[in-house]
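Engineer: Quick one: the structure is below, questions incoming.
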Amino acid sequence: MWEYTDKVKEYFVNPRNIGALQDANAIGEVGSLSCGDALKLYLKIEDGVIVDASFETFGCASAIASSSALTEMIKGMKVEDAEKVTNQDIATFLGGLPKEKLHCSVMGAEALEAAIRNYKGLPPIEHEEEGKIICYCFNVSEETIRKAIEVNNLQTLEDVIQATKAGGGCKGCHDSIIDILDDMNGNGRVDQRNAVQTMQKIMMAMYKGFIQSLPRQDAVEILSVEGNIVRVNIHLPKEKKADALRELEALLQKEVDSNIVVKEVLL
C-alpha cells in the first residue's frame with residue numbers, strides 16, 4: 001500500500017472545489033481516459049487574479065487530492081505568480097506524495113499551465129510541439145519530461161516513469177528518455193542502457209520459459225529492476241506464491257544473471 005500523508009487523505013476524502021465552474025473564463029485539460037488519468041481545471045480570472053477555481057478528474061486518490069490542493073493554492077493568486085507553481089509546490093502543500101504518485105502533481109501543474117495559456121488565447125502546447133512527443137502510449141512530450149527532470153531532480157529512467165508515466169507502456173521510448181537524462185544530467189549519471197537491456201532480457205526469459213506455465217499472463221508483474229534485485233507483484237493464491245518466486249528466480253539466474261534475487265512487493 002502507498003503511504004499517504006494525513007493531508008492527502010483529507011483532500012481525497014473531502015475534496016475542495018470539485019465540479020465544473022460555470023462562469024470560468026479559462027480551462028485546461030490534460031491526460032486522457034485511455035491513459036487512466038485525466039484532469040480538467042476551471043479558472044475564473046478577473047483583473048489578472050484567479051478569483052475562483054475548480055476541477056473535474058478521473059484518477060486515483062493522489063490525482064483527486066493534488067487537483068483539489070491546487071485549486072486551494074491558486075485562488076487569490078495573480079496569474080503571473082500562478083505560472084510559477086510547480087508540481088513540487090503541490091506535493092509540498094500536501095506534505096509529500098509517494099514517488100510512484102508524483103505524476104499526479106505533474107498533471108496538476110500541466111493543467112494549470114494549459115488553463116493559463118487558454119486564458120491568454122494561446123494554443124495548447126501539445127499542438128505546438130506535436131513532433132516532440134516522446135511517449136506515444138501516454139502522449140508525453142520531450143518538454144514535459146525535461147521539465148519534470150529539472151523540477152524534481154530525476155536521475156533514472158524509473159524516476160521519469162513514476163513522475164510522468166512516460167515509458168510506462170510499450171517501452172519503445174526508453175532510449176529517448178535515457179538520451180534526455182544524459183543530456184540534462186551529464187556523464188556522471190549511472191548509465192541506464194545496461195538497466196534497460198537487463199530488463200529486456202528478463203522479460204524475454206520470463207515469456208519464453210515462465211509466463212506460459214501460469215494460469216494468467218499477468219500473474220507475475222515486474223515492478224522494478226535495481227542492480228541484481230528484481231521486484232515483482234504476484235497475482236496468485238498465497239499457497240502458490242513461494243513456488244512461483246523460486247521458479248522465476250532460478251530461471252532468471254540461469255538465463256540472465258546468476259546473482260539475480262527476486263523479491264515480492266505487496267501492493
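Engineer: Can you say whether PRO98 is under 27 Å from ASN153 (Cα atoms) and touching a Ser or Thr at 6+ places or on another chain (Cβ under 9 Å), as far as the supplied structure shows?
Structural biologist: In short, yes.
Engineer: Something else: Which residues, taken from region 79-125, are modelled with pLDDT of 90 or more, among the basic types (Lys, Arg) and under 25 Å from LYS7 (Cα atoms)?
Structural biologist: Within region 79-125, just LYS84 meets the criteria.
Engineer: Can you pull out every residue in region 29-52 that is at pLDDT 95 or above and within 16 Å of SER105 (Cβ to Cβ)?
Structural biologist: Within region 29-52, LEU41 is the sole residue that qualifies.
Engineer: Next question. Please verify whether region 75-87 includes one or more residues that are of a type outside the set (Phe, Trp, Tyr) and within 17 Å of the chain's Cα centre (by Cα). Full working, then the answer.
Structural biologist: From region 75-87, those of a type outside the set (Phe, Trp, Tyr) are 75-87; that's our starting set.
This time we only want the ones that are within 17 Å of the chain's Cα centre (by Cα), so: 86-87.
Checking region 75-87: at least one residue is of a type outside the set (Phe, Trp, Tyr) and within 17 Å of the chain's Cα centre (by Cα).
Engineer: Taking interchain pairs and intrachain pairs at least six residues apart, which have beta carbon atoms under 8 angstrom, with the first residue in region 50-61 and hydrophobic (A, V, I, L, M, F, W, C) and the second surrounded by fewer than 17 Cβ atoms within 10 Å (Cβ to Cβ) and assigned to a strand (DSSP E or B)?
Structural biologist: Going by the 8 Å Cβ cut-off, the qualifying pairs are ILE50/LYS78; PHE55/ILE18.
Engineer: Can you name the residue in region 140-182 that is of a type in the set (Asp, Glu) and over 15 Å from VAL106 (Cα atoms) and, of all such residues, is surrounded by the most Cβ atoms within 10 Å (Cβ to Cβ)?
Structural biologist: Narrowing region 140-182 to residues of a type in the set (Asp, Glu): 142-143, 150, 158-159, 175, 179, 182.
Now narrow it down to the ones that are over 15 Å from VAL106 (Cα atoms): 158, 175, 179, 182.
On the way: GLU158: 20, ASP175: 14, ASP179: 14, ASP182: 14.
The residue in question is GLU158.
Engineer: Among the residues of region 2-23, which ones are assigned to a loop (DSSP other than H, G, I, E, B), farther than 16 Å from CYS104 by Cα and among the acidic types (Asp, Glu)?
Structural biologist: Selection gives ASP23 alone.
Engineer: Taking the options ALA53, ALA61, ALA38, name whichever one is crowded, with 24+ Cβ neighbours inside 10 Å and either touching a strand residue (DSSP E or B) at 6+ places or on another chain (Cβ under 8 Å) or among the aliphatic types (A, V, I, L, M) (or both).
Structural biologist: On inspection, the qualifying residue turns out to be ALA53.
Engineer: Inside region 72-95, can you point out the residues that are closer than 28 Å to LEU157 by Cβ, aliphatic (A, V, I, L, M) and out of contact with any Gly (no Cβ under 7 Å at 6 or more places or on another chain)?
Structural biologist: Those that are closer than 28 Å to LEU157 by Cβ, aliphatic (A, V, I, L, M) and out of contact with any Gly (no Cβ under 7 Å at 6 or more places or on another chain): VAL85, ALA91, LEU94.
Engineer: Here are the criteria: (1) out of contact with any Gly (no Cβ under 8 Å at 6 or more places or on another chain); (2) modelled with pLDDT of 85 or more. Tell me which single one SER66 does not satisfy.
Structural biologist: Only one criterion in (1) out of contact with any Gly (no Cβ under 8 Å at 6 or more places or on another chain); (2) modelled with pLDDT of 85 or more is unmet by SER66, namely (1).
The values are calculated or read from the model by the stated rules, or taken from the named source; none is laboratory data. If you're wondering where the values come from, they're calculated on a predicted model, not measured in any experiment. Positions of Cβ are generated from backbone atoms using ideal geometry, with glycine treated the same way; all protein chains shown enter the neighbour counts.
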